[in-house]
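Written out below as structure tokens is the structure these notes cover.
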Amino acid sequence: MEYSAKAIEDKWQKFWSENKSFEPEDDKSKEKKYILSMFPYPSGRIHMGHVRNYCLGDAFARHFRKSDFNVLHPIGWDSFGMPAENAAIKHKSHPKKWTYENIDYMKDELKGLGLSFSETREFATSDELYTKWEQEFIIKMYEEELLYRKSTTVNWCEPCHTVLANEQVEEGCCWRCDTPVEQKEMPGYYIGITKYAQELLDDLDGLKDTWPSQVLTMQENWIGRSEGLEFKFELSIDAKNKLNRSFSKYLVFTTRPDTIYGISYSALAPEHPIVKYILEHKLLPEKKLQAIKDMQKVSERDRATQNKAGVSLEIDVMHPLTGETIPVWVANFVLASYGGGAVMAVPAHDQRDFEFAKQYDLPIKQVIVGSDGLIENQTEAYVFEGELINSESFTGLKNTKAKKAITYHFEQNSLGIKKVNFKLRDWGISRQRYWGAPIPFVHCDSCGLVPEKSENLPIALPEDVEITGEGNPLDTHPTWKYTSCPKCGKDATRETDTLDTFVQSSWYFLRYATNPKKWNEEGISKEDSDYWMDVDQYIGGIEHAILHLLYARFFTKALNSLGYTNSKEPFKKLLTQGMVLKDGAKMSKSKGNVVDPDLIVKNYGADTARLFMMFAAPPTKELEWNDSAVEGAFRFIKKFFERASNVTQVGVDGFKNINHNDLSKDEKNARKKVYEALQKSNEVFNKTYTFNTLIASSMEALNALSSQKNELVWTEGYYILSNILEPIIPHACWEISNSLFKKENFNNTLEVKEEVFQMDSINLAVTINGKKRCEIEVEPNASKEDILALAKENSQKWIEGKEIIKEIVVPNKLVNLVIKG
């Protein structure tokens, strides 16, 4: 058999497509497997990261199909988003045309890899039929008070007259015109993900054995549950007067009530209502006002990387227990989105507060001491456990006990309450751009904000727009935004904001699970969801470990609450694949180190690309591109394919009746290596995911087969190897299986035969001081004494005249003799 990659791959790709080989069955009595790789953005060409992701998912899907599971393995396109608008500006094209042309091109590229996707369940998230149901979910969330509208701070570029995404802000300036970006308050839509914060946290426990621990940790940290004390700082009389009696107090939250006697200042976020009032009424010198305005121009994300900065607001608050006056500052490290945007600052016991206090020469008061006692001239915050000092009646308590005691004191005296806080913020879903799903609301002067009627969905985008990068084309469209109120019928205007693209990727897996025959009538079929969900194996990059996975988990829970699905967690198992590198760096056009997958397929074939991607590194590790290793993968496939000619009709007719005891040593060893590869296959697909070890075992098996000439052993070997390698190099394996076995070996679940592991003898390496010197052959049940005697006999020239100080026998592996000198 001569290996011609192109001819073989064209043949089987055509066969699979014509025979709809990869469509899931409607039979819900069969055990199912739902295998899903994170869907791609249609950027125009696939890259090696795509190849790795989809080859991994495809291997799972193919393996479980052959194991007689009903497999759902779909693909689609995450097709809304900023890149399409940027391309429209650059190429003077329409985002929709650019997007769908890219989809067509990339679909052909993925097909060329022989990926076993369902063709009937494919969709793009910009399809109007997808938008229709998404808009229905948004309306339902609004009706259940899970979605609301409020003012929000956005990145604003005045010359471009547009809102910028965080990724479009480069060093504080607009990526397009290089003008400094402002923080501007605008109305926006929010989903109340915080209502599910505790559930999202609790349900991570059920994923501890099936998700990477680092992903679980990242999710936990992002949700950020903290228990503490919430209380009010009362403004001093002078402060109240300065603020024209518009404020009397403000809330703060602390996780360290044990340090409350160490407060030396309080700090507010630049967006705090009191700070805004001071700015509006110009209650500070101009220089200070400008410094605060400069802080507000920087996003919260960027402030985290800046040096500590602050401005004294020239007002005081009263300590809730001692009555002392405490100065109030505005500080760039305080976030408006957490704990009310105000903190009590205890510089002696918080490093962030300490650095700020040192910078502005503010008092530092130690209230917890360790075994070394009071620290003179602190150079950093003391953040360890200890005993309270300078804390009135609480002095002498261990700080761990003081947390509870002080919180109890606040509650008993109605000064504050014990409270749980989360770092997680409600999800802002509105974007001021064209290429996204329209938010299905109408603004009416009489009725206010009104959801569109369900019979009017989907609200589709107008196509007669020009994308210039200046403003939102929906907002300036001459006709699209003008409509009538669904409630009273009066003239009204449509909402011109569109949905964050994370919304589309937060429920697509539930859409795939719905039979396409129902797509017109249902967004999500509960009946189908009950069968297919949850996703059994999810594959994607570690860069999606926080937001995408968190939003997908939330959406599943929210849609469960709304009655669309009985599922509460979307993904049972998660595999996060590593990046593909070249010359030690991530592949990118700017670095000039991109390898084109199409060229690899053209020069070597899709199976070679797949084999290299699966063999070069474990899937969770980074993969370093290696041209010679690609050639090596091709050579292995060629050898595997062409040596199939050693399988004869005699072997095909008789290999199932092999008598193991009648075989030679080499024949027995060949069978053992083949069945070790089969064992490895079961282990890899169900537990370890280390496909590189499966491929290595298969290579060893082929080498072992090549050392003997028994037709029956060759045939059995190929019957098994072409099955277990099919998920990795499917085209070559289908050709081999079809020509030799009429694909019978793809329809059987192969069983490991224990007889092959009963060896007449075993080889043990003999090492002297850890260095291999020879091998010995012993019976499997040989005693330790007999093994050592044989080892010494065969290594005599290395140990003669030497003193053996240790003798080690590792069963079935080696003998190590440790000698002196």
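Under a Cβ-Cβ cut-off of 12 Å, what is the net charge of the residues other than S371 that fall near it, where Lys and Arg count +1 and Asp and Glu count -1?
The answer is -3.
In segment 696-787, if every C-alpha pair distance is counted and binned at 10 Å from zero, what percent goes to each bin?
13, 33, 26, 18, 9, 0
May I ask for the percentage of alpha-carbon pairs in segment 762-819 that lie more than 18 Å from each other? Intermediate results must be reported in sequence, preceding the final value.
On the way: 325 of 1653 pairs.
Of the Cα pairs, 20 percent sit more than 18 Å apart.
Using the structure shown, list the pairs from K621/K687; K365/K403; K96/K526; K282/K308 with a Cα-Cα distance above 21 Å, or answer none. Mind showing how you got there, number by number?
Working: K621/K687 16 Å; K365/K403 18 Å; K96/K526 31 Å; K282/K308 24 Å.
Listed pairs above 21 Å: K96/K526; K282/K308.
How far, in nm, would the chain grow between T322 and D662 when pulled straight, counting 0.36 nm per residue and subtracting the alpha carbon separation?
Computed gain between T322 and D662 is 113.1 nm.
Any idea what the relative contact order of segment 762-819 is, in percent, if you count C-alpha pairs under 8 Å spaced at least 6 apart?
Averaging sequence separation for qualifying contacts and normalising by length gives 43 percent for segment 762-819.
Find, among the trypsin sites (Lys or Arg not before Pro) in segment 589-642, those assigned to loop by DSSP (not H, G, I, E, B) with at most 16 other beta-carbon atoms within 10 angstrom.
Within segment 589-642, the qualifying trypsin sites (Lys or Arg not before Pro) (loop, at most 16 other Cβ atoms within 10 Å) are K589, K591, K621.
Filter the GluC sites (Glu not before Pro) in segment 339-435 down to the DSSP loop ones having no more than 11 other Cβ atoms within 10 Å, then list what survives.
Values: sites: E355, E376, E380, E385, E387, E392, E411; in loops: E376, E380, E385.
Qualifying residues, ordered by number: E376, E380, E385.
Given the pairs K242/K297; K66/K680; K208/K572; K14/K111, which span a C-alpha to C-alpha distance of over 18 angstrom in this model?
Cα-Cα > 18 Å for K242/K297; rest within.
Would you mind working out the magnitude of the charge dipole of segment 647-759 relative to its Cα centre, with +1 at each Lys and Arg C-beta and -1 at each Asp and Glu C-beta, to the nearest 20 Debye?
140 debye
In terms of the Cα gyration tensor, with a ≥ b ≥ c the square roots of its eigenvalues, is segment 460-580 rounded because a/c is under 1.5, prolate because a/b exceeds b/c, or oblate? Please report the intermediate quantities before stating the final value.
Details: a/c = 2.68, a/b = 1.57, b/c = 1.71.
The shape class here is oblate.
Considering the alpha-carbon set of segment 51-94 alone, what are its Rg and its Dmax in angstrom?
17.4, 50
Can you give the direction-averaged projected area of the convex hull of the alpha-carbon atoms in segment 550-594, in nm²? Write down the numbers at each step before the final one.
Details: hull surface 19.7 nm².
In nm², the orientation-averaged hull projection of segment 550-594 is 4.9.
With charges only on Cβ, +1 for K and R and -1 for D and E, what is the dipole size of segment 225-422 about its Cα centre, in debye, rounded to 20?
Computed charge dipole of segment 225-422: roughly 660 debye.
Calculate the spin-label point distance for K419 paired with L374, positioning each point 7 Å from the Cα along the beta-carbon direction, and give it in nanometres.
For L374 paired with K419, the spin-label model returns 3.4 nm.
Over the Cα atoms of segment 321-411, what is the Rg over Rh ratio if Rh follows Kirkwood? It would help to have the intermediate numbers written out before the result.
Values: Rg = 14.0 Å, Rh = 14.5 Å.
Reported Rg/Rh (Cα atoms, Kirkwood Rh): 0.97.
Under 13 Å from a label point 7 Å along Cα→Cβ of E280: give me every residue in segment 246-262 with its amide N that close.
What the label zone holds, given the 13 Å backbone N cut-off, is 246-247.
Rounded to a whole number of µm²/s, how large is the Stokes-Einstein D of segment 617-657 at 37 °C and 0.692 mPa s, given Rh as the Kirkwood radius over C-alpha pairs?
249 µm²/s
Counting Lys and Arg as +1 and Asp and Glu as -1, each charge on the Cβ, what is the dipole of the chain about the Cα centre in debye, to the nearest 20? Kindly include the intermediate steps, with their values, before the conclusion.
Details: 104 positive and 120 negative charges, 142 e Å.
Its charge dipole is roughly 680 debye.
Taking the Cβ of C485 as the center, what net charge do the other residues with Cβ under 12 Å away carry, scoring Lys and Arg +1 and Asp and Glu -1?
Around C485, the surrounding residues sum to +1.
Identify, among F137, F441, I75, the residue whose Cα sits farthest towards the positive end of the charge dipole of the chain, taking +1 on the Cβ of Lys and Arg and -1 on the Cβ of Asp and Glu, with the dipole about the Cα centre.
Most positive-ward Cα: I75.
Which shape class applies to segment 225-422: rounded if a/c is under 1.5, otherwise prolate when a/b exceeds b/c and oblate if not, where a ≥ b ≥ c are the square roots of the Cα gyration tensor eigenvalues? Write down the numbers at each step before the final one.
Working: a/c = 1.79, a/b = 1.45, b/c = 1.24.
Because a/c hits 1.5 or more and a/b exceeds b/c, segment 225-422 counts as prolate.
So, counting K/R as plus one and D/E as minus one, what does the shell of residues with Cβ under 9 Å around V442 add up to?
Numbers: positive: K487, R494; negative: E452, E495.
Spelling it out: positives minus negatives among the neighbours equals 0.
Based on the Cα gyration tensor of the chain, what are the three equivalent ellipsoid semi-axes, each the root of five times an eigenvalue, rounded to whole Å and given largest first? Mind showing how you got there, number by number?
Details: eigenvalues 701, 321, 109 Å².
For the chain, the ellipsoid semi-axes come out as 59, 40, 23 Å.
Would you mind calculating the gained length between S706 and T217 on full extension (0.36 nm times residue separation, minus the Cα-Cα distance), in nm to one decimal?
Working it through step by step, the gained length comes to 171.2 nm.
Considering only DSSP states other than H, G, I, E and B, which GluC sites (Glu not before Pro) in segment 686-792 qualify as loop sites with at most 16 other Cβ atoms within 10 Å?
When the GluC sites (Glu not before Pro) of segment 686-792 are filtered for loop state and at most 16 Cβ neighbours within 10 Å, E751 remain.
Translational D (Stokes-Einstein, µm²/s) of segment 161-253 at 20 °C and 1.002 mPa s when Rh comes from the Kirkwood sum over C-alpha pairs?
Value of D from the Cα-based Kirkwood radius: 116 µm²/s.
What is the Cα coordinate range of segment 514-657 on the first, second and third principal axes, sorted by size from largest, in whole angstrom?
Projected onto its principal axes, the Cα set of segment 514-657 covers 59, 55, 28 Å.
Which values of log₁₀ I(q)/I(0), to two decimal places, follow from the Debye formula for segment 438-531 at q = 0.14, 0.18, 0.21 Å⁻¹ with a uniform point scatterer at every Cα?
For segment 438-531 at q = 0.14, 0.18, 0.21 Å⁻¹, log10 I(q)/I(0) is -0.69, -0.94, -1.06.
Based on the Cα gyration tensor of segment 647-759, what are the three equivalent ellipsoid semi-axes, each the root of five times an eigenvalue, rounded to whole Å and given largest first?
Equivalent ellipsoid semi-axes, largest first: 20, 18, 12 Å.
Tell me which lysines have Cα within less than 24 Å of K487's Cα, excluding those fewer than 8 residues away on the same chain?
Leaving aside lysines fewer than 8 places away in the same chain, those within reach of K487 are K132, K140, K150, K453.
List the pair-distance distribution P(r) of segment 1-114, using every Cα-Cα distance, as the percent of pairs falling in each 10 Å bin from 0 up to the bin containing the longest distance, rounded to whole percents.
Values per bin, smallest distances first: 12, 34, 32, 17, 5, 0.
Any read-out appearing in this document is the output of simple, stated calculations on the displayed coordinates, not a laboratory observation. As the structure is a prediction and not an experimental result, all values here were calculated from the model. Using ideal geometry, Cβ is built from the backbone for each residue, glycine included, and neighbour counts are taken over all protein chains shown.
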